[in-house]
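First the structure, in the form of structure tokens, and then the observations on it.
The values are calculated or read from the model by the stated rules, or taken from the named source; none is laboratory data. What you are looking at is a predicted structure, and each value in this text was computed from that prediction instead of being measured. So basically every Cβ, Gly included, is an ideal-geometry build from the backbone, and we count neighbours across all protein chains shown. Quick note on the areas: whole protein, heavy atoms, side chains included, nothing else; ligands and nucleic acids left out. Shrake-Rupley method; radii C 1.70, N 1.55, O 1.52, S 1.80 Å.
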Amino acid sequence: STKSKTIYCFSKPLLLMIKAIIFDLDNTLLDFVKMKRFAVRAAVTAMNEAGLGVDEKKAFDDIFDLYLNKGWEHQQVFDDYLQQTTGKVSNKVLAAGIVSYRRAREATLLVYPNVNKTLIELLKMGIKLAVVSDAPSREAWMRLYYLNLHHIFDPVLTYDDSGSKKPSPKPFMMALKELNLSAKEVLMIGDWPDRDVVGAKQIGMKTIFAKYGDTFGTTDSGADWDVEDIYEVVRIVKDVNKK
């Protein structure tokens, strides 16, 4: 009779590598608040020159209050401001505000320092890049085209695509599905901890807080890493992937 041998196979534990990064858009890739402030000031000045005649500082504060109440993407903000301030909407004044706002927006819609350098470096490393944003689809794509970043990210998922705003797990799950990756293989970077960090962490993703874009004075982001410069993301990926 033949004796059977028992063969034991020992396998090394599987180490997952970072294969993709999901970026928030506003205040992570581009300085959205700086652009908004500059554009609103330009609009108020133009509306006054067209005959509105209001205190410009108060007008600026009132318009920002409208944005805070109705959302940063509210497209009728100047209509609403004129209605609440003068009781009517003068198309002459409105047109002056809209045209000046758009011109100023285009002039000041800029990426943060080292964004292009970071994205190029990550692409050279073979890292897939995606965007998950709460902005409407049209506005998100317009910003990406203004910044010449429209060819960098795939997928680009917005509120219009998912129907849910962060921290809902839905947009993050959609991104993972399109990337064909697991949560452990993807990093999320964003400026809003309550949305970007919480939303990504609840499905098992590692997170990076874009401290350079913070507008809330955050002291404890809850993220795995806080970065003062977006180029630090390159070092984080290299450190994780060499372990």
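Values as computed for the structure displayed
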{"read-out": "Boolean, V186 is closer than 15 Å to I21 by Cβ, touching a strand residue (DSSP E or B) at 6+ places or on another chain (Cβ under 6 Å) and touching a residue at least 40 places away in the same chain (Cβ under 8 Å)", "value": "yes"}
{"read-out": "Single condition Y81 does not satisfy, out of (1) free of Cβ contacts under 8 Å to residues at least 12 places away in the same chain; (2) under 26 Å from Y159 (Cβ atoms); (3) of a type outside the set (G, A, S); (4) not in a loop (DSSP other than H, G, I, E, B)", "value": "(1)"}
{"read-out": "Yes/no for K34 being at pLDDT below 95, open to solvent by 80 Å² or more (accessible area, probe 1.4 Å) and either assigned to a helix (DSSP H, G or I) or under 19 Å from D196 (Cβ atoms) (or both)", "value": "yes"}
{"read-out": "Filter pass, L66 being touching a strand residue (DSSP E or B) at 6+ places or on another chain (Cβ under 9 Å) and either of a type in the set (S, T, Y) or assigned to a helix (DSSP H, G or I) (or both)", "value": "no"}
{"read-out": "Those residues of segment 47-62 which are assigned to a helix (DSSP H, G or I) and either at positive phi or open to solvent by 40 Å² or more (accessible area, probe 1.4 Å) (or both), in sequence order", "value": "E49, E56, K57, K58, D61"}
{"read-out": "Flag for E139 being among the acidic types (D, E), open to solvent by 60 Å² or more (accessible area, probe 1.4 Å) and part of a helix (DSSP H, G or I)", "value": "no"}
{"read-out": "Residue under evaluation V156, criteria (1) without any contact (Cβ under 8 Å) to a residue 12 or more places away in the chain; (2) buried (at least 21 other Cβ atoms within 10 Å of the Cβ), criterion not met", "value": "(1)"}
{"read-out": "Looking only at segment 104-124, and only at residues there that are open to solvent by 70 Å² or more (accessible area, probe 1.4 Å) and either at pLDDT 95 or above or in a loop (DSSP other than H, G, I, E, B) (or both), the one that is farthest from R143 (Cα to Cα)", "value": "K124"}
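For every residue, the table says whether it meets (1) surrounded by fewer than 18 Cβ atoms within 10 Å (Cβ to Cβ); (2) within 21 Å of V156 (Cβ to Cβ); (3) of a type outside the set (S, T, Y).
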position	(1), (2), (3)
P171	no, yes, yes
N180	yes, yes, yes
A183	no, yes, yes
G190	no, yes, yes
G199	no, yes, yes
Q202	yes, no, yes
I208	no, yes, yes
S221	no, no, no
E228	yes, no, yes
